[in-house]
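Here's the structure we're looking at; comments come further down.
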Amino acid sequence: MTTHHRYLDRHPVNPSARAIIIGTIHPHDYTGFAMDFFYGSQCSTWTILAEAFPDRFPNPITREAVLDFLTTHRITMSDTIRSCDRISNTALDTHLIPRAFNLQLVDQLRNSQIEHVFFTSGAGKNGALRTFYTGILRYKYLPITVSLSKTGLLPTDIFGRDIAYTVLYSPATTADRGIMKTKAFKEVRHLYQHYDSPVHAYKVALYRQAFSFLVEG
């Protein structure tokens with residue numbers, strides 16, 4: 001079962017953007033997507049951002065509303081994998097077998113105004129951060145300083161300038177169980193106990209903090 005990316009060529013990186021959200025690849029079966037766009041399967045990313053910035057995100061959440069939000073705030077989208085096989089019919093990164101990486105992303109970043117990259121998964125197997133370094137930048141190993149940090153700078157010798165990165169918690173609900181076990185969540189769990197889903201509320205707060213530039217300027 002081979003998945004070919006539907007959106008990389010239809011929605012290329014906007015060189016005028018100041019920030020980019022980078023994931024891996026969408027689920028194989030797109031016929032049931034709530035939205036024909038990045039993260040359209042369950043619209044989890046867009047739901048989190050809409051809750052984090054309700055005054056800036058039109059309601060209801062539609063493809064047109066998302067595109068307008070991205071354009072207005074100079075955010076663009078991409079993924080690290082152009083095609084992959086899957087060992088099972090799930091959307092889990094750990095079940096991917098990458099076949100082709102999005103190598104165009106290097107020049108797209110280099111020739112843009114992007115200052116900040118947000119990865120929606122990290123150093124785990126086939127995570128966005130890991131596949132960016134090992135699949136696209138062709139690092140043999142993920143640098144230990146990168147794998148241990150949620151923030152940092154992309155290699156300046158490749159991109160010619162400082163581009164910051166942040167690793168976000170995955171917006172997918174399938175990641176919630178793992179987040180519940182983290183030390184970071186356990187330390188603040190009491191702050192979110194009154195929500196129907198404490199983990200979801202925690203992710204909304206973290207996304208609000210990560211994308212604070214939306215309200216700062």
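Values in this text are rule-based calculations from the coordinates and carry no lab data. Everything numeric in this text was worked out from a predicted model, so none of it was measured. All Cβ positions, even for glycine, are placed from backbone atoms using ideal geometry, and neighbour counts span all protein chains on display.
Determine the calculated [θ] at 222 nm for the chain from helices alone, applying -39500 (n - 2.57) to every DSSP H run no shorter than 4 residues and normalising by the residue count; nearest 500 deg cm²/dmol.
-7000 deg cm²/dmol
Most simply put, the chain has about 45% antiparallel DSSP beta bridges, counting only bridges with both residues inside it. Annotation for Thr174 and Ala34: the two label points, set 7 Å from Cα along the Cα-Cβ direction, are 1.6 nm apart.
Highest average first, the peptides 205-214, 128-137, 15-24 ordered by how many other beta carbon atoms sit within 10 Å of their residues are 128-137, 15-24, 205-214. With viscosity set to 0.692 mPa s at 37 °C, what whole-number translational diffusion coefficient in µm²/s follows for segment 1-105 from Stokes-Einstein and a Kirkwood radius over Cα pairs? Rounded to a whole number, D works out at 227 µm²/s. When only Cα pairs below 8 angstrom with a gap of at least 6 residues are kept, the chain shows a relative contact order of 22 percent.
What size of dipole, in debye to the nearest 20, comes out for the chain about its Cα centre when the only charges are +1 on Lys and Arg C-beta atoms and -1 on Asp and Glu C-beta atoms?
In total the dipole reaches around 620 debye.
Take the Cβ-Cβ distance between Asp162 and Leu92 as r, set R0 to 25 Å, and report the resulting FRET efficiency rounded to the nearest 0.05. Calculated transfer efficiency: 0.15.
Extending 7 Å from the Cα toward the beta-carbon at both Thr71 and Asn111 defines two label points whose distance is 2.3 nm. Taking only the C-alpha atoms of the chain, Rg followed by Dmax gives 16.6, 47 Å.
Residues whose amide H comes within less than 5 Å of that of Arg99, counting only those at least five positions distant or on another chain, are Ser83, Cys84, Asp85 (H built at 1.01 Å from N in the peptide plane).
Packing here is the average count of other Cβ atoms within 10 Å per residue, and on that basis the peptides 37-46, 188-197, 68-77, highest first, run 37-46, 68-77, 188-197.
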